[in-house]
Amino acid sequence: MTAQGGDILAWLETAITRREETARTVGYGRIETGEYLWVSRYLILLDGPNGESKVTTEMPAELAEHIAANDPESVLRRCAADRKLLELHGGRGHGCPAYDYDGDLDEFARFYNHEACPVVQHLAESYGWTAGQTPPTEGDQVT
Ligand SMILES: [Zn+2]
């Protein structure tokens, strides 16, 4: 891949840190849903300051489920898992599966310290990275 490893790693580190900080400033750890009348729901904010909880107003069930599925605890778990993936794939020479210049999946492609492998690029995309998304070219990977 052609994205420079250092740039994307620094960008990704900042993006993960921001997401963690945002999750921590919510003030509640877990968010669950409760059934309201008919098909709507409300949120139950748990693990707040001093163990407090709070109930919100009614909202569409789909919105409530989405918020609960992305509560601060789950965001922090995801960020921690993403950091573990970066530890394995970011900023160090390693081998991992990648598409070659023909578009075929190679079971083993070597990436050097300065290169960002597809795992790092896909992680970055999940945080909003859009730069450097060019297809691989011949010579990018040594198998
Ligand atoms: Zn990798």
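General observations
- Whole-Hz ³J(HN,Hα) from phi, Karplus 6.51 cos²θ - 1.76 cosθ + 1.60, for region 115-120, glycine and proline x: 9, 9, 6, x, 4, 5
- GNM top mover of GLU20, GLU62, GLU125 - the chain, alpha-carbon springs below 10 Å: GLU62
- Across the chain, the relative contact order, built from alpha-carbon pairs under 8 Å that are at least six residues apart, equals 31 percent.
- Scaling against 2.2 N^0.38 Å puts the C-alpha radius of gyration of the chain at 1.38.
- Taking the Cα centre of region 14-100 as reference, the dipole from Cβ charges on Lys and Arg (+1) and Asp and Glu (-1) amounts to some 380 debye.
- Across region 40-56, computed HN-Hα scalar couplings (Karplus, 6.51 cos²θ - 1.76 cosθ + 1.60, θ = phi - 60°) run 8, 9, 9, 9, 10, 8, 10, 6, x, x, 6, x, 5, 10, 8, 10, 8 Hz from first to last residue, x flagging Gly and Pro.
Just so you know, all these numbers are worked out from the coordinates, no wet-lab data involved. The structure presented is a predicted model; accordingly, all values stated were derived computationally and were not measured. Glycine also receives a Cβ, built like all others from the backbone with ideal geometry; neighbour counts cover every protein chain displayed.
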